[in-house]
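Enquirer: Have a look at the structure that comes next, please.
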Amino acid sequence: MSLHIREDLDNALIRDPAARNRMEVFFAYPGVHAVWAHRIAHWLWQHNVKLVARIYSNWTRTATGIEIHPGARIGRRFFIDHGMGVVIGETTIIGDDVMMYHDVTLGARSYKKGKRHPTIGDGAIIGTGARVLGDVTVGKGAIVGANTVVTQDVPERAMIDTSGLFAI
């Protein structure tokens, strides 16, 4: 666990030019706090302590403004910058080294059982206000621009914004 904490602190220093030191990130970065809390809630969820996991994740949402369902699977070095208004659904899968800005929704488009939330590939960037909806995949290294609504797959290393899909 301490390896992940140090890795998360260092990742925040790399990804946020406003971050000055580990101490500041440790005490004043709600995105980092939400990820740490999610790791605990996810462990509880996996060990069938689901009610406690939901209560804990709800408390975390109240404290940080970031809602991550305890069933969501999140990789290493996930960084949420600012974070207020972020919602991550139950069957979401987020790879390693993903960067996400505030007011992002990784949500469902149906009530069906099973996989109904997005999969975000390693190294993807999800811009402010983006909505990625349904069982879609944002490919490795892809960029989703600010305020973009995504309802179909985004290829690896592609960029999509409100005007359409581009290769990068």
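The values are calculated or read from the model by the stated rules, or taken from the named source; none is laboratory data. This one's a predicted model, so the numbers in the text were calculated from it and none came from an experiment. Every residue, glycine as well, gets a Cβ built from its backbone with ideal geometry; the counts of neighbours run over all protein chains shown. Heads up: the accessible areas ignore ligands, DNA and RNA and are worked out on the full protein's heavy atoms, side chains in. Shrake-Rupley method; radii C 1.70, N 1.55, O 1.52, S 1.80 Å.
Enquirer: How much length is gained on full extension from Asp161 to Arg109, taking 0.36 nm per residue of separation minus their Cα-Cα distance?
Expert: Going from the current span to full extension adds 16.7 nm.
Enquirer: Still on this structure, I have one more. Lysines within cross-link reach of Lys140: Cα-Cα under 25 Å, excluding same-chain residues under 8 positions apart?
Expert: Lys115
Enquirer: Given Cβ point charges of +1 (Lys, Arg) and -1 (Asp, Glu) and nothing else, what value in debye, to the nearest 20, does the dipole of region 27-120 about its Cα centre take?
Expert: 500
Enquirer: Per residue, how large is the accessible surface of region 40-98? Use a 1.4 angstrom probe and give square angstrom.
Expert: So region 40-98 comes to 50 Å² accessible per residue, rounded to a whole number.
Enquirer: Same structure, new question: With Kirkwood's inverse mean 1/r over C-alpha pairs for Rh, give me the Rg to Rh ratio of region 39-168, two decimals please.
Expert: Over the Cα atoms of region 39-168, Rg/Rh equals 0.97.
Enquirer: Just the ratio, please: alpha-carbon radius of gyration of region 1-91 over 2.2 N^0.38 Å, N its number of residues.
Expert: Details: Rg = 12.8 Å, N = 91, 2.2 N^0.38 = 12.2 Å.
So region 1-91 has a normalised radius of gyration of 1.05.
Enquirer: Amide H to amide H under 5 Å from Thr137: which residues, 5+ apart in sequence or cross-chain, H placed 1.01 Å off N in plane?
Expert: So Thr137 has HN proximity to Thr119, Asp153, Val154.
Enquirer: I need the phi-derived Karplus couplings for region 140-154: 6.51 cos²θ - 1.76 cosθ + 1.60, θ = phi - 60°, integer Hz, Gly and Pro marked x.
Expert: 4, x, 6, 10, 9, x, 4, 6, 8, 9, 10, 10, 9, 4, 10
Enquirer: What list of ³J(HN,Hα) values in whole Hz, one per residue of region 57-62 in order, does the Karplus curve 6.51 cos²θ - 1.76 cosθ + 1.60 (θ = phi - 60°) give from phi, with Gly and Pro shown as x?
Expert: Values, residue by residue: 5, 5, 4, 4, 4, 4 Hz.
Enquirer: Please list, in order along region 75-88, the HN-Hα scalar couplings obtained from phi with the Karplus expression 6.51 cos²θ - 1.76 cosθ + 1.60 (θ = phi - 60°), rounded to whole Hz, x for Gly and Pro.
Expert: x, 7, 6, 7, 10, 10, 8, 6, x, 3, x, 6, 10, 10
Enquirer: Let me ask something additional. Set the Förster distance to 22 Å, then compute FRET efficiency between Asn21 and Trp43 from the Cβ-Cβ distance, nearest 0.05.
Expert: 0.15
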